[in-house]
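Down below is the structure, laid out as structure tokens.
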Amino acid sequence: MDRKILSTVAVFLFCLSTSLIVDAEDPYLFYEWNVSYGTIAPLGVPQQVILINGEFPGPRINGTSNNNVNVNVFNNLDEPLLFTWNGVQQRKNSWQEGLLGTSCPIPPGTNHTFRFQVKDQIGSYYYYPSTALHRAAGGYGPLTVVSRDLIPVPFDAPEADYTILAGDWYSKSHVALRKLLDSGRTLGRPDGVLINGKSGKADGKDEPMFTMIPGKTYRYRVCNVGMKNSLNFRFQGHTMKLVEMEGSHTMQYLYDSLDLHLGQCASVLVTADKEPKDYYFVASTRFTKQILSATATIRYTTGKGPASPELPLAPVGWAWSLNQFRSFRWNLTASAARPNPQGSYHYGQINITRTIKIVNSAGEADGKLRYAINGVSHVDPETPLKLAEYFGVADKVFKYNIIQDEPSADVTAKNHAITLAPNVVNATFRNFIEIILENHEKTVQSWHLDGYSFFAVAIEPGTWTPERRKVYNLLDAISRNTIQVYPKSWAAIMLTMDNAGMWNLRSTLLERQYLGQQLYFSVLSPNYSLRDEYNVPDDAPLCGIVKDMPKPKPYSI
């Protein structure tokens, strides 16, 4: 019996005996990943990248709502490794989040299986390695969740469902980039843009990445998997109809181009209704002095002619981008993962129990560059935060609430001291809260929250005050997991903290995340019940001060 079959059998037996509660009627998906280094030249210069089963980007995880996903990861790198599943809510199961705040990494030469359920979710997401600076070497791939057959989708089934992972890219190795950050310097400007691991130059020499049959409509799921820059994408000669953003069906408006900020994903429909020939998909950086771009060729199956070398231009300035954000609307009558319409959840009528203001800043600590939230730059301790909490030794690893809900006015001052420490905020289970993300800096920020979808109710210039709630969209704001904040602006998000666990709020700008612009929300159920949160998996690696400790009494129903 080969290793793959043995792995599948072992996972199946584990799922039968584990303390995880899953619906026996929900199907299981099994994947086995061999994660290794390889040498390719995405920008024309040979460099070391992270491959999954020899592929870059990695293989697509393609599931259906409520599927149970099992990914057995064999770490053949020379460093510990974790993967995180950007956008998967991991209901009651932050153990599978794949971050250093929740899990011990997989040592080199060993394997570990991630087990999670895409509970009550649909949408377009992606995964990537969360340890060290591995993300800068690739290792990312698409993760899509489709509706169950009985749940209506608010558009006809497309002819094909394509994924596009686009993002900026550095030709330096992740090791060299990490040394830059560790020495107190920034990563600098990226060297190019990749589309599904390639960088087309619109010279007519690239093989087609996608094909379309005349008269047919296609779904393109596009994610910005970059490290530093927002992107704008467009389809040469074609409009696109927005239908989904990060798990929510949207109102179906037409766009010539769309801004996609770091960590964000969107689905559009494109109809092959133009002259049969080649066309370009174009992705280019936004808000940068030097615009970097890449193309991918789309070929009509009956086409007889190259794509025009005249590429559609991207918009200029962030005011245009802000206005586009304001046009996005939740489709209130469409069903998502459940039969009931999205609009049956009236978030605008729920009383806010807590307001937390998050202010990002840059500064120095110990003479080196750090990024902070409310004056604190997060540091991952040797013992993952969630494990320390579960084993009852949190007081030996970190302190709760070292930042305040209302930061002091001087946290963005140049001479303001930055504190290096694990940044953990206590959140009350099932409370409905408001988070204000305030950006006093000159660059666009992008934030992602694990474990939840939130309502992106406003982005506005200036500073936030309670009076600014008058501009909130309290009816049909998109429910999503990532939001941008423009320079000298603020954003407001609202959510119910109903998912027990340890959940990361982070900058999606890689250097900012690596250098401390992140925190964790600790959401504990007062009942310590399996109805609210799963026990630590039996096969979870243990490290730090809990490595040799006996496991606590497990939760029960």
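The values are calculated or read from the model by the stated rules, or taken from the named source; none is laboratory data. Being a predicted model, the structure only gives us computed values, none of them experimental. For neighbour counting, all protein chains shown are included, and Cβ atoms are generated from backbone atoms with ideal geometry for every residue, glycine included. What goes into the accessible areas is simple: the full protein's heavy atoms, side chains included, and nothing from ligands, DNA or RNA. Shrake-Rupley method; radii C 1.70, N 1.55, O 1.52, S 1.80 Å.
Data table
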| quantity | calculated |
| --- | --- |
| Any hit, the range 395-417, residues being among the aromatic types (Phe, Trp, Tyr) and either open to solvent by 20 Å² or more (accessible area, probe 1.4 Å) or in a strand (DSSP E or B) (or both) | yes |
| Every pair of residues 6+ apart whose Cβ atoms lie under 9 Å, when the first sits in the range 26-42 and is farther than 19 Å from Leu77 by Cα while the second is surrounded by fewer than 15 Cβ atoms within 10 Å (Cβ to Cβ) and among the aromatic types (Phe, Trp, Tyr) | Tyr28/Phe12; Phe30/Phe12 |
| Residue ID - nearest to the chain's Cα centre (by Cα), chosen from residues in the range 368-389 that are within 30 Å of Lys414 (Cα to Cα) and of a type in the set (S, T, N, Q) | Ser377 |
| Verdict on Pro552 being more than 30 Å from Leu180 (Cα to Cα), open to solvent by 30 Å² or more (accessible area, probe 1.4 Å) and outside any strand (DSSP E or B) | yes |
| Some residue of the range 163-181 being over 21 Å from the mean Cα position of the chain (by Cα) and acidic (Asp, Glu) | no |
| Lone qualifier among Asn473, Asn426 - being assigned to a strand (DSSP E or B) and open to solvent by 20 Å² or more (accessible area, probe 1.4 Å) | Asn426 |
| Only listed residue being modelled with pLDDT of 95 or more, crowded, with 18+ Cβ neighbours inside 10 Å and not β-branched (Val, Ile, Thr), chosen from Asn76, Asn34, Asn70, Asn62 | Asn70 |
| Residue count for the range 488-505, restricted to those that are without any contact (Cβ under 8 Å) to a residue 60 or more places away in the chain and of a type in the set (D, E, K, R) | 1 |
| The one condition in (1) charged (D, E, K, R); (2) within 21 Å of Thr39 (Cβ to Cβ); (3) in contact with a Ser or Thr (Cβ under 9 Å, 6 or more places away or on another chain) that Arg178 fails to fulfil | (3) |
| The lone exception for Lys205 - which of (1) more than 27 Å from Thr443 (Cα to Cα); (2) touching a residue at least 24 places away in the same chain (Cβ under 8 Å); (3) in a loop (DSSP other than H, G, I, E, B) it fails | (2) |
| Among the candidates Asn499, Asn527, residue that is of a type outside the set (Phe, Trp, Tyr), at pLDDT below 95 and more than 26 Å from Gly226 (Cα to Cα) | Asn527 |
| Which listed residue is open to solvent by 10 Å² or more (accessible area, probe 1.4 Å), under 16 Å from Leu322 (Cα atoms) and either in contact (Cβ under 8 Å) with a residue 12 or more places away in the chain or of a type in the set (S, T, N, Q) (or both), from Val485, Val457, Val444 | Val444 |
| Candidate set from the range 257-297 (those that are acidic (Asp, Glu) and over 22 Å from Ala157 (Cα atoms)); member that is surrounded by the most Cβ atoms within 10 Å (Cβ to Cβ) | Asp259 |
| In the range 372-394, the residues that are of a type outside the set (A, V, I, L, M, F, W, C), under 12 Å from Leu519 (Cβ atoms) and part of a loop (DSSP other than H, G, I, E, B) | Asn374, Gly375, His378, Asp380 |
| Qualifying residue in the range 229-244 (condition: open to solvent by 10 Å² or more (accessible area, probe 1.4 Å), in contact (Cβ under 8 Å) with a residue 12 or more places away in the chain and under 25 Å from Ala41 (Cβ atoms)) | yes |
| Segments classed as strands (runs of 3 or more DSSP E), wholly inside the range 140-196, with at least 1 members that are over 24 Å from Thr84 (Cβ atoms) | 192-195 |
| Number of positions in the range 304-316 that are touching a residue at least 24 places away in the same chain (Cβ under 8 Å) and open to solvent by 20 Å² or more (accessible area, probe 1.4 Å) | 9 |
| Close pairs (6 angstrom Cβ cut-off, 6 or more residues apart or separate chains): under 17 Å from Lys357 (Cβ atoms) in the range 506-519, among the aromatic types (Phe, Trp, Tyr) anywhere | Gln517/Tyr371 |
| Test result for Asp149, open to solvent by 10 Å² or more (accessible area, probe 1.4 Å), at pLDDT below 95 and either over 26 Å from Tyr520 (Cβ atoms) or of a type in the set (Ser, Thr, Tyr) (or both) | yes |
| Test: residue in the range 318-327 that is outside any helix (DSSP H, G or I), on the phi < 0 side of the Ramachandran plot and open to solvent by 10 Å² or more (accessible area, probe 1.4 Å) | no |
| Count of the range 103-146 residues which are surrounded by 21 or more Cβ atoms within 10 Å (Cβ to Cβ), over 21 Å from Gly54 (Cβ atoms) and of a type in the set (Gly, Ala, Ser) | 4 |
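Matching residues to (1) touching a strand residue (DSSP E or B) at 6+ places or on another chain (Cβ under 6 Å); (2) over 16 Å from Gln264 (Cα atoms):
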| site | (1), (2) |
| --- | --- |
| Pro461 | yes, yes |
| Asn473 | yes, yes |
| Ala477 | yes, no |
| Tyr486 | no, no |
| Met494 | yes, yes |
| Met497 | yes, yes |
| Ala500 | yes, yes |
| Trp503 | yes, yes |
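This table checks each residue for (1) exposed (fewer than 15 other Cβ atoms within 10 Å of the Cβ); (2) aliphatic (A, V, I, L, M); (3) more than 18 Å from the chain's Cα centre (by Cα).
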position	(1), (2), (3)
Met502	no, yes, no
Gln517	no, no, no
Ser529	yes, no, yes
Asp538	yes, no, yes
